[in-house]
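The values are calculated or read from the model by the stated rules, or taken from the named source; none is laboratory data. Bear in mind that the values here come from a model prediction, so they are computed numbers and not experimental data. FYI the Cβ positions are ideal-geometry reconstructions off the backbone, even for glycines, and counts take in every protein chain you see. All accessible areas refer to the heavy atoms of the entire protein, side chains included, with ligands and DNA or RNA removed. Shrake-Rupley method; radii C 1.70, N 1.55, O 1.52, S 1.80 Å.
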Amino acid sequence: MTVRKRRRWVRRGAVLLAGVAALGIMAEWIAGRVVERRFHEELAEQGWTLERSSALWNPWHGLILNHVKLRRGAESPVLGAERVAADFPLLGGAGGSQWRIGPGELVLRDSDGEIRLQEVDLKFDAHPGKIEVTKAEARHESLVVSTTGTILLESGKGPSRYEPDFSALRGTLAVLKMSSDKFRMTGSFSVDARGSGPPRWNADLKGDGTVTSWHGIPLRSVSAAAGMSSEQSTITATLVLPSGKSDFKVTKADWGISPYRIDGTLKDDAGRTDNFSGSYQPEANQWNLDSLSGPADLWQLAQDIPLVAAKLPEQLRCESFPIIRVEKARWTPEKGFAVKSVATSGKGSFTIDQGDREIQIEKISGGFAYDDSTWTLNGLSADVFDGRVSVSGRYKDPVLTAGKVTIEGISLAKLKEWSGEEATGKGLLFGSYSGSVDTGDKTLSGKGSLRLEDAPVIEVPLLDQVWQLFTAMIPGVKRASKGAFYADFVANSNLVEVPNFKATGGSLTVTAKGTVDLKRRRVDGVARGKLDGLPGLVTHPLSRLLEMEVSGPYDDIRVKPLGPPKLVSNAASATVGVAVETIEEAGKISGTVIVESIKLPFRWLQKKADEGAPR
């Protein structure tokens, strides 16, 4: 063959190959169009419209559609996928088709909104009346679910009756919302879409792994199992907390508006267990606690929950947590926390740290409620200073209204020690108060009474000072070693009126009235001392009377006689005056019970020591 002939055959071969290639490309394009048209026709028969940004078909990979949207008529897209691949017989027949959605993002939409799933990889084989899902994996935030399953379909043609409803998926994702690198759950599912009713389905999933938090609760790990269907859902889980563990079950009776029911146990590090029941409403993002009771250390567990720990008073320490019962509590991000009733059993120990001093509170009993920043105290009582204090009323920072405070047998020595004074002698303090207390302005509005029993005379207001006056004026008067007092008081803002005060010690009785100015930190009043048992006629016992002025600031209250003592007979109206040397004053009142007692509601209720508080 000549060179010219060889060149001619080469040119013919090149042209032939180019023609074959062109025919191949044209055939591929035609085949792709035929496949896609068939695809669109089958969807149209079901009442669906498919949109895509681009399409490609080849014999090896089938039909590939990019940025796909599936909608019904003019409605919003029900499904949106980055990539859909389909490989099915070009000329039809009994063979099934293979499908793959992803990898990429998948958007599902129903009447309640859209759900975005990431890292979706869905593979399934479609046959007449049946779809076999060989792989269904997706991620939503930190949750990764990997399943396989079967879908049974209605045979025949005609518009699809399917109405998109992803409430089950949406609710399950809300319950399983957690933070971790990836928490994986695996399982299987089945769907029966035959018949005229809505599809019937069920799914079983399980998983465990390291989780950093669940709905804002820090965790060490989680194990969970879920059994769900088109009618109901049951999820059992174990949460390992930083300082304890919780085992619980979550059930939902339907996929409508009914809440998720939650029942389980909460255990602290020491193994003490509380039982609880409640619910969760995803649409309102509201948690409800119907009841919780038991001996678990909730204070310790609360320290691990940032939203709760931030509400705990910084100056309050818990040595032992009481047994409690909680009823009807709720929490939402918008409205915060509320509880109808919390009752304690009379155990537990707390310490209030006020910087330079502390108050030990033990054997707590009674109850309280909280709503809209208001605490309702229902006979909340505790042992304090070897006695007992009880508080009722409504407290909304910084005011206690409709308050009732009772004091029973508080140790005077303990009170003085807490007040920064030397703890000497004995004495028990009792009292009551009804009214309001403003811990911000440090004011009172109400009335009450105080009583001190079995105290050293030096600790009883006015008694020691009047003894000093009588001793100076009447040689040989014998002092008593113990005394007591009783006082009524009426408070109106900064001013506390004491209309009735009576102190007794041995043969000496002191009565007084006056005012305490909380703003000016000053006491002003008058007192009368009566000394009984002086030598005299047997039938006419005599007594001495002394009238005094009581005045001065808190730290320098002084007593000064208004005139000489008077000698009186209990059987005669006449009095005989006895001249004495002038006595200007008898020194400071060293007893601090009245002042400290009036301040007690402030100390009890205030969150932190305030330099402006009465001292």
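Answer yes or no: is there a residue in region 137-151 that is out of contact with any Pro (no Cβ under 8 Å at 6 or more places or on another chain), open to solvent by 50 Å² or more (accessible area, probe 1.4 Å) and modelled with pLDDT under 85.
no
Do any residues in region 508-527 that are farther than 15 Å from L546 by Cα have Cβ atoms under 7 Å from those of residues that are of a type in the set (K, R) and part of a loop (DSSP other than H, G, I, E, B), where the two are at least six apart or on different chains, and which pairs are they?
So the pair list comes out as L518/K442.
Could you tell me which of the residues G403, G366, G379, G348 is surrounded by fewer than 17 Cβ atoms within 10 Å (Cβ to Cβ) and small (G, A, S)?
Just a single option satisfies the conditions, and that option is G379.
Residues in region 283-295: is at least one free of Cβ contacts under 8 Å to residues at least 24 places away in the same chain, out of contact with any helix residue (DSSP H, G or I) (no Cβ under 7 Å at 6 or more places or on another chain) and not basic (K, R)?
So far as region 283-295 goes, no, none of its residues is free of Cβ contacts under 8 Å to residues at least 24 places away in the same chain, out of contact with any helix residue (DSSP H, G or I) (no Cβ under 7 Å at 6 or more places or on another chain) and not basic (K, R).
So, in region 116-132, how many residues would count as being in contact (Cβ under 8 Å) with a residue 24 or more places away in the chain and open to solvent by less than 60 Å² (accessible area, probe 1.4 Å)?
Residues in region 116-132 being in contact (Cβ under 8 Å) with a residue 24 or more places away in the chain and open to solvent by less than 60 Å² (accessible area, probe 1.4 Å): 5 in total.
Please state which of the following conditions L307 fails to meet, knowing it meets all the rest: (1) within 14 Å of the chain's Cα centre (by Cα); (2) without any contact (Cβ under 8 Å) to a residue 40 or more places away in the chain; (3) open to solvent by 50 Å² or more (accessible area, probe 1.4 Å).
Against the list (1) within 14 Å of the chain's Cα centre (by Cα); (2) without any contact (Cβ under 8 Å) to a residue 40 or more places away in the chain; (3) open to solvent by 50 Å² or more (accessible area, probe 1.4 Å), L307 comes up short only on (2).
Results for (1) part of a strand (DSSP E or B); (2) modelled with pLDDT of 85 or more; (3) open to solvent by less than 70 Å² (accessible area, probe 1.4 Å); (4) touching a Leu at 6+ places or on another chain (Cβ under 7 Å), shown as yes or no for each residue.
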residue	(1), (2), (3), (4)
G73	no, no, yes, no
A81	yes, yes, yes, yes
L91	no, no, no, no
G95	no, no, yes, no
P103	yes, yes, no, no
L106	yes, yes, yes, yes
R109	yes, yes, yes, no
E114	yes, yes, no, yes
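Does region 379-386 include one or more residues that are free of Cβ contacts under 8 Å to residues at least 60 places away in the same chain, touching a Leu at 6+ places or on another chain (Cβ under 8 Å), within 29 Å of T332 (Cβ to Cβ) and not acidic (D, E)?
no
Select, from A296, A329, A343, A338, the only residue that is in a loop (DSSP other than H, G, I, E, B), among the hydrophobic types (A, V, I, L, M, F, W, C) and either touching a strand residue (DSSP E or B) at 6+ places or on another chain (Cβ under 8 Å) or open to solvent by 70 Å² or more (accessible area, probe 1.4 Å) (or both). Break it down into steps so the answer makes sense when it comes.
Working: A329 fails: in a loop (DSSP other than H, G, I, E, B); A343 fails: in a loop (DSSP other than H, G, I, E, B); A338 fails: in a loop (DSSP other than H, G, I, E, B).
One residue alone meets the criteria, A296.
Within region 161-214, which residues are part of a loop (DSSP other than H, G, I, E, B), surrounded by fewer than 16 Cβ atoms within 10 Å (Cβ to Cβ) and among the basic types (K, R)?
Across region 161-214, the qualifying residues are R161, K182, R194.
For residues that are assigned to a strand (DSSP E or B) and either under 15 Å from K206 (Cα atoms) or touching a residue at least 40 places away in the same chain (Cβ under 8 Å) (or both), tally how many sit in region 139-154. Give the derivation first.
The first filter runs over region 139-154 and keeps only residues assigned to a strand (DSSP E or B), leaving 139-140, 143-152.
Checking which are either under 15 Å from K206 (Cα atoms) or touching a residue at least 40 places away in the same chain (Cβ under 8 Å) (or both) leaves us with 139, 143-152.
Qualifying residue count, region 139-154: 11.
Only one of (1) out of contact with any Gly (no Cβ under 6 Å at 6 or more places or on another chain); (2) modelled with pLDDT of 65 or more is not met by P461, so which one is it?
P461 satisfies every listed condition except (1).
From the residues in region 220-261 that are among the aliphatic types (A, V, I, L, M) and touching a Ser or Thr at 6+ places or on another chain (Cβ under 6 Å), which one is surrounded by the most Cβ atoms within 10 Å (Cβ to Cβ)?
L239
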